[in-house]
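This report refers to the structure that appears directly beneath it.
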Amino acid sequence: GAMQARRDAGRMDLYCLAMGHELGVGAYSRVRFAKLIAKDLPQSLWPQVAVKIMDKDVIASQDYERNVRREIQVLELLSHPNIVRFVGSFDTQTSVYIAMEYMPSGDLQQVLAAKGSLSVASARFVCAEITLGLEHMHSRGVVFGDLKPENVLLDSKGHSKLSDF
């Protein structure tokens, strides 16, 4: 399962993943839906993940390599209900892959664009969960330098999780 993939993160590779549709595109990366191949389970039960894929040439041209390694180290360090869960990472000749918990409800920016705003109760709930995630990061000596609605992901139950450090 997903926890096994985390323990075996050092051995994770492209052959562990059944890649699916694109979830988003950023300046340095694209994110795709994928399932962790679990031969002992039917495909419908394979754990769902989001895979951030970064082109090594783009990373190098932007002098971004240190940031990518830092993001992986931070994800490995942090374990909190309000921070997106790290599943594993690996490199190929051309790209760096980071597998994380899949957040089916997208990000806070998408929700705000669709609804226009949140109710006061929802806004309080989201802010409280973001604060808990930030407190955990700070307790581990990590500063989140890019807090914005696009970096607050939502799970199927509406809980908020920080991503993209």
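The values are calculated or read from the model by the stated rules, or taken from the named source; none is laboratory data. Given the structure is predicted, the values throughout are model-derived calculations rather than measurements. Note that each Cβ is placed from the backbone with ideal geometry, even for glycine, and that neighbours are counted across all protein chains shown.
Which ones in segment 122-165 are part of a loop (DSSP other than H, G, I, E, B), in contact with a strand residue (DSSP E or B) (Cβ under 7 Å, 6 or more places away or on another chain) and closer than 19 Å to Val111 by Cα? Show your work before the answer.
Residues of segment 122-165 that are part of a loop (DSSP other than H, G, I, E, B), as a first pass: 140-148, 155-159, 163-165.
Okay, now just the ones that are also in contact with a strand residue (DSSP E or B) (Cβ under 7 Å, 6 or more places away or on another chain), so 144, 155, 163.
Asp155, Ser163 - these are the residues of segment 122-165 that are part of a loop (DSSP other than H, G, I, E, B), in contact with a strand residue (DSSP E or B) (Cβ under 7 Å, 6 or more places away or on another chain) and closer than 19 Å to Val111 by Cα.
With respect to the numbered conditions (1) under 21 Å from Met137 (Cβ atoms); (2) modelled with pLDDT under 95, which one is the sole condition not fulfilled by Gln62?
(1)
Filter segment 17-29 for residues that are modelled with pLDDT of 95 or more and more than 17 Å from Gln110 (Cα to Cα); which is surrounded by the most Cβ atoms within 10 Å (Cβ to Cβ)?
Here the residue is Leu17.
Could you check, for segment 115-134, whether at least one of its residues is of a type in the set (Asp, Glu), surrounded by 17 or more Cβ atoms within 10 Å (Cβ to Cβ) and farther than 26 Å from His21 by Cα? Explain how you work it out, then say what you get.
The initial filter retains those residues of segment 115-134 that are of a type in the set (Asp, Glu), namely 129.
Within this subset, residues satisfying the condition of being surrounded by 17 or more Cβ atoms within 10 Å (Cβ to Cβ) are 129.
Applying the additional criterion that residues be farther than 26 Å from His21 by Cα yields 129.
Yes, segment 115-134 contains at least one residue that is of a type in the set (Asp, Glu), surrounded by 17 or more Cβ atoms within 10 Å (Cβ to Cβ) and farther than 26 Å from His21 by Cα.
Tell me yes or no: at least one residue of segment 69-82 is in a loop (DSSP other than H, G, I, E, B) and aliphatic (A, V, I, L, M).
Within segment 69-82, one or more residues are in a loop (DSSP other than H, G, I, E, B) and aliphatic (A, V, I, L, M).
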